[in-house]
Amino acid sequence: MSNLIDFPKKLMLIFELLHEYYGDQNWWPSESQFETIVGAILTQNTAWKNAEYAILNLKEANLMAPSAIRSVDISVLAETIRPSGYFNSKAIKLKAICAFLEFYNDDPSQWESMNLRELRSQLLGVYGIGPETADDIVLYVANMPSFVIDSYTQRIISRVIPNLEVSKYDEFKALFENHLPPDAKLFNEYHALLDTHAKELCHKKIPSCNKCPLIKHCGSFLNHSTGKFDA
């Protein structure tokens, strides 16, 4: 990783330009902390709109509660969340997180007073909860500064700051957390803005560079100016 890059300044510039362009994202869209947890699992390996359909099904079936998910037959649960894809696996994951929640009296607000690392470690011990989902829950449910990394974040940062010597989840996570203030509100908004930008302009194959608010600061564009990327 180049020692010539002022990462705190660069990362904040990216945030400020995206925020100026897109405005507040008001993420995570949910009616409760538990719904956010459910959404974090249902959106694994699928588009958010598919997770939303599954969430709506759960609400219509009166299953948007930990106790309800624990008691319902797993085949019924799987069919209810079918729109999210991988529904059999996700049904098991929902059962697992609800079993975990029982230790906290089904009250995820208790997590807000926990140590961040301890909570994240416990979540990673729950079946089906990987680093990204754990960070989703720590950030958006417990309101703690744990930066969420996904493919959108990796794509944008790797393009704007090319030749980074980072490739793994924890390395990207450290890039943000080591160079930004530990502010949950900032991490929340930053992650949401990166996701929006990836969906709107910084597409995987043919990004819309001419409309991009980062164009003057994007290393890949300035180096190649082709408008086509493999990343």
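The values are calculated or read from the model by the stated rules, or taken from the named source; none is laboratory data. None of the values given here were measured: they were computed from a predicted structure. All Cβ positions, glycine included, derive from the backbone under ideal geometry; neighbour counts span all protein chains shown.
List of remarks:
- Positions within the stretch 120-134 being among the aliphatic types (A, V, I, L, M) and assigned to a loop (DSSP other than H, G, I, E, B), in sequence order: VAL126, ILE129
- Tally of residues being part of a helix (DSSP H, G or I), surrounded by fewer than 19 Cβ atoms within 10 Å (Cβ to Cβ) and polar (S, T, N, Q) across the stretch 34-55: 1
- The set of residues from the stretch 66-79 being closer than 16 Å to ILE37 by Cβ and buried (at least 16 other Cβ atoms within 10 Å of the Cβ) comprises PRO66, ILE69, LEU77.
- Residue satisfying condition, being over 15 Å from the mean Cα position of the chain (by Cα), in a helix (DSSP H, G or I) and surrounded by 19 or more Cβ atoms within 10 Å (Cβ to Cβ), within set LEU194, LEU222, LEU175: LEU175
- Being of a type outside the set (Phe, Trp, Tyr), part of a helix (DSSP H, G or I), crowded, with 17+ Cβ neighbours inside 10 Å and out of contact with any Cys (no Cβ under 8 Å at 6 or more places or on another chain) holds for only one residue in ILE137, ILE149, ILE156, and it is ILE137.
Per-residue answers, yes or no, for (1) aromatic (Phe, Trp, Tyr); (2) modelled with pLDDT under 95; (3) not assigned by TED's automatic domain parsing to the domain that holds ALA192:
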| residue | (1), (2), (3) |
| --- | --- |
| ASP136 | no, no, yes |
| THR153 | no, no, no |
| VAL160 | no, no, no |
| SER167 | no, yes, no |
| GLU171 | no, no, no |
| ALA174 | no, no, no |
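- The set of residues in the stretch 159-172 that are part of a loop (DSSP other than H, G, I, E, B) and touching a residue at least 24 places away in the same chain (Cβ under 8 Å) comprises ILE161, PRO162, ASN163, LEU164, GLU165, VAL166.
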